[in-house]
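Here, each number is a calculation from the coordinates, and none is a lab measurement. Note that the coordinates shown come from a computational prediction; the quantities given were computed from them, not determined experimentally. Here the Cβ positions follow ideal geometry from the backbone for every residue, glycine too, while neighbour counts run over all protein chains shown.
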Amino acid sequence: MSTAPQPSLQYEIEKSTDDVNNTVTTIKCHGRVVSDTAGQLKEVVKPLIPQGGRILIDLSDVQHMDSSGLGTLVGLKASALNAGYCRLELVNLTPRIADLLRITKLSQLFAS
């Protein structure tokens, strides 16, 4: 009996500063942002928002995202906007995720 591979999400966090000395935190995601893993992404990003600066969520190595993953990103973006001194951006979108944002009319929300 074989079992289906569990959805997994791995990530690395890299802190740097930009040319005007603002904090830039990059979260490079690998795997799948789906209902089983979206909470994990939220737990990583949410505490970074009150610190301000820029938060870049790098999705270049994300193979799949479902509605839960999308909902998590929208919630994190709303939290960053409400905080006022934090910019949350999606970077290095795969064509598949870019299409998903376009189809769901969320491209504008995440436009830098």
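By count of other Cβ within 10 Å, fewest leading, how are T25, T37 ordered?
On the way: T25 21, T37 25.
In increasing order of surrounding Cβ atoms, one gets T25, T37.
Hey, in the GNM for the chain with a 10 angstrom Cα cutoff, which one of L100, L73, L41 fluctuates hardest?
In the Gaussian network model the winner is L100.
By the scheme Lys and Arg +1, Asp and Glu -1, what is the net charge of all other residues having a beta-carbon under 13 Å from that of Q51?
+4
Between N22 and K105, what is 0.36 nm times their sequence separation minus the Cα-Cα distance? Round to one decimal in nm.
Working: separation 83, 0.36 × 83 = 29.88 nm, distance 2.99 nm.
Result: 26.9 nm gained on full extension.
What number, rounded to the nearest 500 deg cm²/dmol, is the helix-based mean residue ellipticity at 222 nm of the chain, given -39500 (n - 2.57) per DSSP H run of at least four residues and division by all its residues?
-10000 deg cm²/dmol
May I ask you to derive the relative contact order of region 8-72, considering only C-alpha pairs under 8 Å and at least 6 residues apart, and to give it as an integer percent?
Relative contact order of region 8-72: 39 percent.
Counting alpha carbon pairs within less than 8 Å and at least 6 residues apart, what relative contact order, in whole percent, applies to the chain?
24 percent
Excluding S8 itself, calculate the net charge of residues whose Cβ lies under 11 Å from the Cβ of S8, where each Lys or Arg counts +1 and each Asp or Glu counts -1.
Result for the neighbourhood of S8: 0.
With both partners inside the chain, how many of the DSSP beta bridges are antiparallel, as a percent to the nearest 5?
40 percent
Express the relative contact order of region 60-112 as a whole percentage, based on alpha carbon pairs under 8 Å and six or more residues apart in sequence.
Result for region 60-112 is 39 percent.
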